[in-house]
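The values are calculated or read from the model by the stated rules, or taken from the named source; none is laboratory data. None of these values were measured; they are calculated from a predicted model. Ideal geometry is used to build each Cβ from the backbone, glycine not excepted, and the neighbour counts take in all protein chains shown. To get the accessible areas, we keep the full protein, side chains included, count just its heavy atoms, and leave off ligands, DNA and RNA. Shrake-Rupley method; radii C 1.70, N 1.55, O 1.52, S 1.80 Å.
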Amino acid sequence: MRVQMRPNVQIVSRDGDNFVLNLRNGEYWHLNSSAYTMLTRIADGETVDEVARDISAATSAPEQTVRDDLTELVDQLRKAKLVEVRHS
């Protein structure tokens with residue numbers, strides 16, 4: 001699965017806080033450091049599977065758990081119309 005940020009959306013890190021910002025209406029969502037890492041990698045063009053595999057290897061967390069968490073994050077952002085999902 002590939003995820004693309006919508007044009008009016010930015011990922012922002014400022015003073016140790018991480019956010020997804022909707023530039024159209026000013027709404028924002030706070031991200032913990034794990035979600036920020038996952039989302040920035042996805043925004044850079046990596047697939048959900050690639051990110052899940054790498055984070056699992058780096059943290060020793062089960063790959064399926066990481067994938068499930070990432071898929072849930074993407075689904076929440078999709079429902080908020082912040083990302084578009086393409087299944088490949």
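Values as computed for the structure displayed
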| item | result |
| --- | --- |
| Hey, Gly16 touching a residue at least 40 places away in the same chain (Cβ under 8 Å) and among the small types (Gly, Ala, Ser) or not | no |
| Any hit, region 67-88, residues being farther than 13 Å from Met5 by Cβ, free of Cβ contacts under 8 Å to residues at least 60 places away in the same chain and among the hydroxyl-bearing types (Ser, Thr, Tyr) | no |
| Every residue from region 20-42 that is open to solvent by 50 Å² or more (accessible area, probe 1.4 Å), within 28 Å of Ser56 (Cβ to Cβ) and assigned to a strand (DSSP E or B) | Trp29, His30 |
| Counted residues, region 55-88 - those being surrounded by fewer than 16 Cβ atoms within 10 Å (Cβ to Cβ) and either of a type in the set (S, T, N, Q) or out of contact with any Ser or Thr (no Cβ under 6 Å at 6 or more places or on another chain) (or both) | 22 |
| Which numbered condition Gly45 fails, given (1) surrounded by 11 or more Cβ atoms within 10 Å (Cβ to Cβ); (2) in contact (Cβ under 8 Å) with a residue 12 or more places away in the chain | (1) |
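A quick yes/no check of all residues on (1) modelled with pLDDT of 95 or more; (2) within 19 Å of Val85 (Cα to Cα); (3) of a type in the set (S, T, N, Q):
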residue: Arg24; (1), (2), (3): no, no, no
residue: Tyr28; (1), (2), (3): no, no, no
residue: Ser34; (1), (2), (3): no, no, yes
residue: Met38; (1), (2), (3): no, yes, no
residue: Ile42; (1), (2), (3): no, yes, no
residue: Gly45; (1), (2), (3): no, yes, no
residue: Asp49; (1), (2), (3): no, yes, no
residue: Ser60; (1), (2), (3): no, no, yes
residue: Asp69; (1), (2), (3): no, yes, no
